[in-house]
1. Applying the selection to the range 75-105, what residues are free of Cβ contacts under 8 Å to residues at least 24 places away in the same chain, assigned to a helix (DSSP H, G or I) and surrounded by fewer than 16 Cβ atoms within 10 Å (Cβ to Cβ)?
2. Among the residues of the range 15-52, which ones are in a helix (DSSP H, G or I), touching a Phe, Trp or Tyr at 6+ places or on another chain (Cβ under 9 Å) and among the small types (Gly, Ala, Ser)?
3. Quick check: is even one residue across the range 131-140 surrounded by 14 or more Cβ atoms within 10 Å (Cβ to Cβ) and closer than 27 Å to Pro12 by Cβ?
4. In this structure, is Ala124 under 17 Å from Ala164 (Cα atoms), without any contact (Cβ under 8 Å) to a residue 40 or more places away in the chain and not acidic (Asp, Glu)?
5. Check off (1) of a type in the set (A, V, I, L, M); (2) surrounded by 12 or more Cβ atoms within 10 Å (Cβ to Cβ); (3) at pLDDT 80 or above; (4) farther than 24 Å from Asn34 by Cα for Val145 and give me the number that stays unchecked.
6. What pairs come out if I take residues in the range 36-55 that are on the phi < 0 side of the Ramachandran plot and pair them with residues that are outside any helix (DSSP H, G or I) and among the hydrophobic types (A, V, I, L, M, F, W, C) whose C-beta lies under 6 Å away, six or more apart or interchain?
7. Can you pull out every residue in the range 110-137 that is over 18 Å from the mean Cα position of the chain (by Cα) and assigned to a loop (DSSP other than H, G, I, E, B)?
Amino acid sequence: MQGFFTWVVFIPMIFNGGLISTYFVNSSVLKLSNTHWALILPLLVQSFYVIICKTYFRTSLPDSIVESAQIDGASQIGIFFRIVLPISLPVLATIALFLTFNYWNDWYQALLYITEPTLKPLQALLSSIERNVEYMLQNAATLGVSRNAMLSKLPKQSFRMAIAVVIILPISFAYPFFQRYFISGLTVGAVKG
């Protein structure tokens, strides 16, 4: 039966519901357009993270610990919060780091669901600037301006790279907060006692 549920989780990684149905559900049914939830909820649960957790729990969580807690009379919820959750902090930190990078670097969800300029994230702004600059440079002649005159009025390459640095710096500061969980994850099974 576990193999069946693994396939149920794995198949959406290959064949998803499609862009039109996802957009319809998120914008019309859930009414997420022009909200911050439109950037958060569609990326919240992904099959890849479920498979990572399943693999971690099967390989790193000894059955003897859970069985001994059951013998001592602990409830399922008590076992989860007192034993399983503290042991699984490394995998949760890994997923949190992946989600942090994923959310921070995502501009596509904003392109789909956000039309309000004040709600757009920095990545969507940078993507918009890059697309507009490329479009104006390619169509300078149709706009009645020479390419050199257009280049003098557009944001310089250094300005666009400064925006990229502003985008990169905050996420580079996120890693040290997760690092101690990675190190503790390496040493989880090192001490017997």
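1. Within the range 75-105, Gln76, Ile77, Gly78, Phe80, Phe81, Arg82, Leu85, Pro86 qualify.
2. Ser27, Ala38, Ser47
3. Looking through the range 131-140, none of the residues is surrounded by 14 or more Cβ atoms within 10 Å (Cβ to Cβ) and closer than 27 Å to Pro12 by Cβ.
4. Considered against the rule, which asks whether it is under 17 Å from Ala164 (Cα atoms), without any contact (Cβ under 8 Å) to a residue 40 or more places away in the chain and not acidic (Asp, Glu), Ala124 comes out as yes.
5. If we test Val145 against (1) of a type in the set (A, V, I, L, M); (2) surrounded by 12 or more Cβ atoms within 10 Å (Cβ to Cβ); (3) at pLDDT 80 or above; (4) farther than 24 Å from Asn34 by Cα, just (3) comes out false.
6. Ala38/Leu32
7. Of everything in the range 110-137, those that are over 18 Å from the mean Cα position of the chain (by Cα) and assigned to a loop (DSSP other than H, G, I, E, B) turn out to be Thr115, Glu116.
The values are calculated or read from the model by the stated rules, or taken from the named source; none is laboratory data. Keep in mind that this is a model prediction, so the values were computed, not measured. Cβ sites come from the backbone with ideal geometry, for glycine too, and all protein chains shown count toward neighbours.
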